[in-house]
1. When only alpha-carbon atoms count, how far does the stretch 132-213 stretch along each of its three principal axes, as whole angstroms with the largest first?
2. Is there a quick way to get the dipole size of the stretch 154-263? I mean about its Cα centre, with the Cβ of Lys and Arg at +1 and of Asp and Glu at -1; what is the value in debye to the nearest 20?
3. So, with +1 on the Cβ of K and R and -1 on the Cβ of D and E, and no other charges, what is the size of the charge dipole of the stretch 129-192 about its Cα centre, to the nearest 20 debye?
4. Tell me which chymotrypsin sites (Phe, Trp or Tyr not before Pro) from the stretch 161-263 have a DSSP coil assignment and no more than 11 other beta carbons within 10 Å of their own.
5. What's the carbon and sulfur percent of the stretch 35-156's accessible surface, probe 1.4 angstrom, rounded to a whole number?
6. May I ask for the Kirkwood hydrodynamic radius of the chain, worked out over all distinct Cα pairs and given in angstroms to one decimal?
7. Using Cβ-Cβ distances only, list the Cys residues of the chain with no partner cysteine under 4.7 Å, sorted by number.
8. Might you tell me the accessible area per residue for the stretch 37-183, computed with a 1.4 Å probe and given in Å²?
Amino acid sequence: MKPTGKRAGAAEGAAPRSRGMAAAIGRSLDIYYRDAARTSRMDRLNALFVPDGGLAFDIGAHVGDRTASFLRLGARVVALEPQPQVFRALRLIHGRQRRAVLEQMAAGEGPGEVEMFLNSGNPTVSTASADLVAAASSAPAWKDEVWDRTVRVPVTTLDRLMARHGVPDFVKIDVEGHELMVLKGLARAVPALSFEVATLQRDMACACIDRLCELGPYEFNISLGEDHRLRQSSWTNAPEMCAEILRLPAAANSGDIYARLRA
């Protein structure tokens, strides 16, 4: 989640929207695939959770930089991305990988469909969460973001993915305010996972922590922005992690909460 201002083609019809999203996807490819230092940091962090020969779920894969990291580590990957144009880019990059299963759908509390709010100029913040769109309307850092159209997308659950592909070693969830709904579609603990936290919706992150504690004895850590480093030298419990989230400055914007089952 990186709100970067209004992009070209926000609300001038289908053709300008299409051009604007194509340009935005191109920027994502530049950001996520051409920074070698970022890639190295990501691989080092993911290696803590994803073993060679393991299984990772990439929920909200976007253009697949996390999928690429999991594949470099030798894992099998199940990647979900609901945005049609973004999914086409994901398929072009990873569609021939024999260890990658790509699905054009969202994850949620139950199977079916969900309305997705598309941001053609900044598709990294397209979302299935009406609450995030509403919260962004009064947040200065998000003032230039425009969700200019909607689309209905199919939804599956983490439980259904596990029934088809097996229990993952790690689940990465980055779905722009829809994280709690994804976790509600999980009925059993998995060894480790991450979900995005945004200072725009701190209560949502704490609710996700509470949901995980209903599933198993998890401990927590946090990485901010594009650091791809755990901030805490030791893992912490749920109340302490929620307090850490509430203390984050607004300028932190976003990061990822990591959770693992206690030994």
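1. Over the stretch 132-213, Cα extents along the principal axes are 41, 28, 16 Å.
2. On the way: 12 positive and 15 negative charges, 59 e Å.
Dipole about the Cα centre, nearest 20: 280 debye.
3. Working: 8 positive and 9 negative charges, 72 e Å.
Taking the Cα centre of the stretch 129-192 as origin, the dipole is about 340 debye.
4. Working: sites: F170, F195, Y218, F220, W235, Y258; in loops: W235.
Sparse-neighbourhood loop chymotrypsin sites (Phe, Trp or Tyr not before Pro): none present.
5. Values: 2480 of 5020 Å².
Ligands and nucleic acids excluded, carbon and sulfur give 49 percent.
6. Details: mean 1/r = 0.0543 Å⁻¹.
Result for the chain, one decimal place: 18.4 Å.
7. C208, C213
8. Values: 5720 Å² over 147 residues.
The answer is 39 Å² per residue.
The values are calculated or read from the model by the stated rules, or taken from the named source; none is laboratory data. Since the structure is predicted, the reported quantities are computational estimates derived from the model, not experimental observations. Positions of Cβ are backbone-derived with ideal geometry, glycine not excepted, and every protein chain shown enters the neighbour counts. All accessible areas refer to the heavy atoms of the entire protein, side chains included, with ligands and DNA or RNA removed. Shrake-Rupley method; radii C 1.70, N 1.55, O 1.52, S 1.80 Å.
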